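Read the structure below first, then the notes.
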Amino acid sequence: MQDDPELGPLDPSRRAFLWNTTAAAIVIGVSRPSTDVSLVESVSAAEVESAPNIEGAVPITLHINGKERKLRIDPRTTLLDCIRETVSLTGTKKGCDHGQCGACTVHVNGVRVNSCLSLALMHDGEEITTIEGLGTPESLHPMQAAFVAFDGYQCGYCTSGQIMSGVALLKEPCGPDDAAVKELMSGNICRCGAYANIVAAIQKVRKTI
């Protein structure tokens, strides 16, 4: 490596550092694809093999969207992680994981809950409804259709939780005006700020049921 004419002669320690850094970058750049693929494959295989044999796992039965699910889970697993990771229903989103944003809202026995704050084991035998259980692309739930019609979403990350709370609100005591809806929806945060459209969508459904 030649001395930099602008910076002057490179001292031995600096020369060694630059050489080692450059060499390391070249090695990583050349070998990265094959190394990463094999690493991912080995980790995935290990996870799949160990999943049924989790130490201390307990049996649990959840009725999710009308389907019985017999599972073995770590008793510390939250309902959110069970739904997303074990049952692979990823429409329910993990936002704050502290019960503050509402993105993980699901219905348990018809009542909305923040699934990140609840252990799956607590709901053994209970009826769970996620966004996937409300409707289909061919037959949307009225609340889903209203969110589309009124542009009640932007990035979409909070949308499933907003819709689940909106559907639950239909069965809850709520005044007729927008302020009452905003109050009951205050646990669901939209970081894009689509609140006016969300309220309009909910109010449309309330007037048609």
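Amide H of Glu127: which non-local residues (sequence gap of 5 or more, or other chain) have their own amide H closer than 5 Å, using H built in the peptide plane?
Asn109
Does anything in the stretch 163-192 have its amide N under 16 Å from the 7 Å Cα→Cβ label point of Asp151, and if so which residues?
Under cut-off, by backbone N: 192.
Applying 1/(1 + (r/R0)^6) with R0 = 35 Å to the Cβ-Cβ distance of Glu55 and Leu140, what FRET efficiency is obtained, to the nearest 0.05?
0.25
Whole-Hz ³J(HN,Hα) for each residue in the stretch 158-172, computed from phi via Karplus 6.51 cos²θ - 1.76 cosθ + 1.60 with θ = phi - 60°, x for glycine and proline: what do you get?
8, 4, 4, x, 4, 5, 4, 5, x, 5, 5, 4, 4, 9, 9
Using heavy-atom solvent-accessible surface (probe 1.4 Å) with all chains present, what is the largest-first order of Val199, Val58?
Details: Val199 15, Val58 40 Å².
The residues order as Val58, Val199, largest area first.
Provide, for q = 0.15, 0.16 Å⁻¹, the log10 of I(q)/I(0) from a solvent-free Debye sum over equal Cα point scatterers in the stretch 76-203.
Cα-only, vacuum Debye calculation for the stretch 76-203: -0.65, -0.74.
Accessible area per residue for the stretch 133-209 in Å², computed with a 1.4 Å probe and the full protein assembly in place, what is it?
Details: 4150 Å² over 77 residues.
I get 54 Å² per residue for the stretch 133-209.
Filter the chymotrypsin sites (Phe, Trp or Tyr not before Pro) in the stretch 146-178 to those in DSSP coil with at most 12 other Cβ atoms within 10 Å of their Cβ, and list the result.
On the way: sites: Phe147, Phe150, Tyr153, Tyr157; in loops: Phe150, Tyr153, Tyr157.
In loop regions of the stretch 146-178 (DSSP not H, G, I, E or B), there are no sparsely surrounded chymotrypsin sites (Phe, Trp or Tyr not before Pro).
The values are calculated or read from the model by the stated rules, or taken from the named source; none is laboratory data. What you see is a predicted model, and the numbers here were worked out from it, not measured in a lab. Please note: Cβ atoms are built from the backbone with ideal geometry, for glycine as well, and neighbour counts cover all protein chains shown. The area values use the complete protein model at the heavy-atom level, side chains included, leaving out ligands, DNA and RNA. Shrake-Rupley method; radii C 1.70, N 1.55, O 1.52, S 1.80 Å.
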